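Since every read-out is calculated from the coordinates, none of them should be taken as a lab result. Note that the coordinates shown come from a computational prediction; the quantities given were computed from them, not determined experimentally. We place every Cβ from the backbone using ideal geometry, glycine too, and count neighbours over all the protein chains shown.
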Amino acid sequence: MALNLTQKIIKNHLASGEMVPGKQVAIKIDQTLTQDATGTMSYLQFEALGLDRVQTELSVSYVDHNMLQTGFENADDHRYLQTVAARYGIVFSRPGNGICHQVHLERFGRPGKTLLGSDSHTPTNGGLAMLAIGAGGLDVSLAMGGEPFYTTMPKIVLVKLTGKLQPFVSAKDVILELLRRLTVKGGVGRIFEYGGEGVKGLSVPERSTITNMGAELGATTSLFPSDDQTRKYLKAQGREKDYVPMEADPGATYDETVEIDLNTLEPLIAQPHSPDNVVKVREIQGIPVSQVAIGSCTNSSYKDLLSIAGIMKGKTVHPSVSLGFSPGSRQTLEMISQNGVLGDLIAAGARLLESACGPCIGMGFAPPSGGVSVRTFNRNFEGRSGTKDAKVYLASPEVAAACAITGVITDPRDLKVKAENVELPEKYVLDDRMVIFPPADGHSIEVLRGPNIKPLPTRDRISETVSGTVLLKVGDNITTDHIMPAGAKVLPLRSNVPAISQYVFESVDPTFPKRAKEAGGGFIVGGANYGQGSSREHAALAPMYLGVRAVIVKGFARIHLANLINFGILPLTFANESDYDKIDRDDKLEFSTKGLETGHLVLRNLTKKIDIPVTHSLSARDLEIVRAGGTLAYVKEQAKK
């Protein structure tokens, strides 16, 4: 039987289940990555498993999110991460070494391998033909302990690329075009596999921009074949030995196909406040811009920065604009320092930001009040930038540079500059001194914990009858930023669930934490695509701490659904979406868990005296986890048995 690339990798790593869309599969994980905003909790959970050493081929801990050290909390967490990595056999990428996805692509990614990361943009490494999947920190902890990753087998979509990108049109425009067509819900339950003649003209950094933002489609992951472009990139990184050719078999089939003619693409831009609110730049050009930010795990590669340098050289940032740029890695920063690009950008008036996530997660460089910020990032949710009323647009580095020069949203094709053909270097700067490899035996290592690191909260087994109050009712496309915000104020509390829980739904209803505690917990009711966006498990962990027992919605985003299960919160879906209108905030609800195995329950609205049918898609294993009170409790129960 002819297999596509995705099926080949899954087949080689299948621990249990069938490769049939909708069926649960368990996949062996070769590599894991964490970042410091999710890593502290993930490693606390790994320690709770009681294992002596990680069981993966490679696990890497990156520090790239909580870099703004306004107090002791972040610095303490970094020290914990470094010592716990040495103790348990984990590679540690020091602060300043770069963004996890960019560095992993450069130094560790390998074609045909599986990668599970506690960050939703882990699919970046799909640009190297990895099956790279974002997940909650607890799933990553289990993978480090040798457990397979359980997920529903997705449909596989072929994105057939033809033609060639034209001047000032970039890889960012490819994924923006997909978002324009398919929306942020269009990838739910799907893996996007890129093929066609157009693939050959895309370098690995360009491919990774596309796979990175596949997360905004709601996709499980995205990936490209491993071909001559892959070999060229790995050779330049001094890793040609890691190259393995991989592509779909001739005659391989797909569940769906999408075609994009690269010849016809033009510069695109996502308007506030969603990555799928995409239009042509020409349609809105002329809007005044107050800030431009270039970087993030989407567009901070060496190629990206060379592209903007060609546009910016000899020019000056417009007086109304503040321009900041973040090299994605120390490698990139060293190289632009050596070839003069850094000097050209600074001479133009750009501000050099740290090689970190920074502004993308609201960690510095926030826009002014009501300001328009054009960013090369992957998300523009309201308030995510750190400024509640800012208007954030997402665009390619070329568009961003054009906006920085003119002070208004501008199609770069209208600039009187020649589009430079940026070639990848034959050899990148290779310097891994900021990577600390663990000792062969870590028993003598003392794991250092600061006072902000608190014990893991737990949940009791689920009772036969669950009752409570509707604490909150929200609409469609609620993001994990809505549920558990990021930013410089909140992120330092990631190791302290009691403290961070006070910010749950802060931007939606700041009274939520207090009301949840006073009510002794209860329910959340939501619309479609609930929990889209970041993989942050605190969006489930903190509500669990506040007593949330079930979330009842029209539909869930994949990672958040898994996180709810991991922390013992029952995820329920309306059997009839119109029944969403039959529940209001403060209604009293009740249901019996006796019939959970059937997949169908009756939710009794005690306030309105009506019955509402609800369903769930949980597997038998998922049900056992929820009944046990979460995955850690379930794993411990299994160990006792």
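Would you tally the net charge around G295, using a Cβ to Cβ cut-off of less than 12 Å, leaving G295 out, and scoring K and R as +1, D and E as -1? Don't jump to the answer; show the numbers that get you there.
Numbers: positive: R351, R375; negative: D64, D304, E354.
After counting each charged neighbour, the total is -1.
Nothing charged except the Cβ atoms of Lys and Arg (+1) and of Asp and Glu (-1): what's the magnitude of the dipole of the chain about its Cα centre? Round to the nearest 20 debye.
Value, rounded to 20: 540 debye.
Multiply the residue separation of E240 and K313 by 0.36 nm, subtract the distance between their alpha-carbon atoms, and state the gained length in nm to one decimal. Don't skip to the end; give the middle numbers.
Numbers: separation 73, 0.36 × 73 = 26.28 nm, distance 3.37 nm.
Extending this stretch completely gives an extra 22.9 nm.
R0 = 25 Å: FRET efficiency of A440 with L51, Cβ-based, nearest 0.05?
Working from the Cβ atoms, E equals 0.90.
What is the sum of charges around R107, taking Lys and Arg as +1, Asp and Glu as -1, for the other residues whose C-beta is under 11 Å from the C-beta of R107? Could the numbers behind the result be given before it?
Working: positive: R110, R239, R330; negative: E106, D242, D431, D432.
That sum, taken over residues with Cβ under 11 Å, equals -1.
Would you mind telling me the antiparallel percentage of the DSSP bridges in region 268-410, rounded to 5?
Values: 6 of 19 bridges.
Looking only at bridges with both residues in region 268-410, the antiparallel portion is about 30 percent.
Go ahead and collect, in residue order, the members of region 129-161 whose backbone nitrogen is under 19 Å from a label point 7 Å along the Cα-Cβ direction of N263.
The answer is 160-161, whose backbone nitrogens lie closer than 19 Å to the label point.
Figure the gain on full extension for L456 and K641 (residue separation times 0.36 nm, minus the Cα-Cα span) and round it to one decimal in nm.
Values: separation 185, 0.36 × 185 = 66.60 nm, distance 2.30 nm.
Roughly 64.3 nm would be gained on extension.
Using only Cα positions of region 5-264, each an equal point scatterer, no hydration layer, compute I(q)/I(0) via Debye at q = 0.10, 0.11 Å⁻¹ and quote the log10 values to two decimals.
For the requested q values the scattering log ratios are -0.48, -0.58.
In nm, what is the difference between 0.36 nm times the number of residues separating S369 and K23 and their Cα-Cα distance?
Numbers: separation 346, 0.36 × 346 = 124.56 nm, distance 4.77 nm.
That pair, S369 and K23, stretches by 119.8 nm at full extension.
I need two numbers for region 563-641: Rg to one decimal and Dmax as a whole number, Cα atoms only, in Å.
14.3, 45
FRET efficiency for L606 and D255, Cβ-Cβ distance as r, R0 = 35 Å, nearest 0.05? Intermediate values should be presented prior to the final figure.
Working: r = 43 Å, r/R0 = 1.21.
After rounding, the FRET efficiency stands at 0.25.
So if R0 is 35 Å, what FRET efficiency would S578 and L68 give, r being the distance between their Cβ atoms, rounded to the nearest 0.05? Don't skip to the end; give the middle numbers.
Working: r = 46 Å, r/R0 = 1.30.
That gives a FRET efficiency of 0.15.
Just one of [x] 31; [y] 57; [z] 42 is percent of Cα pairs over 37 Å apart as worked out from the coordinates here. Which one is it?
It is the value labelled [x].
Can you tell me what share of the DSSP beta bridges in the chain is antiparallel? A percent to the nearest 5 is fine. Don't skip to the end; give the middle numbers.
On the way: 32 of 89 bridges.
Close to 35 percent.
Would you give the gap between the C-alpha center of region 185-215 and the C-alpha center of region 402-418, rounded to a whole Å?
So the separation of the two Cα centres works out to 27 Å.
When Lys and Arg each count +1 and Asp and Glu each count -1, what net charge do the other residues less than 11 Å away from D30, Cβ to Cβ, add up to? Provide the component values of the computation, followed by the final result.
On the way: positive: K28, R110, K113; negative: E57.
My count for the surroundings of D30 gives +2.
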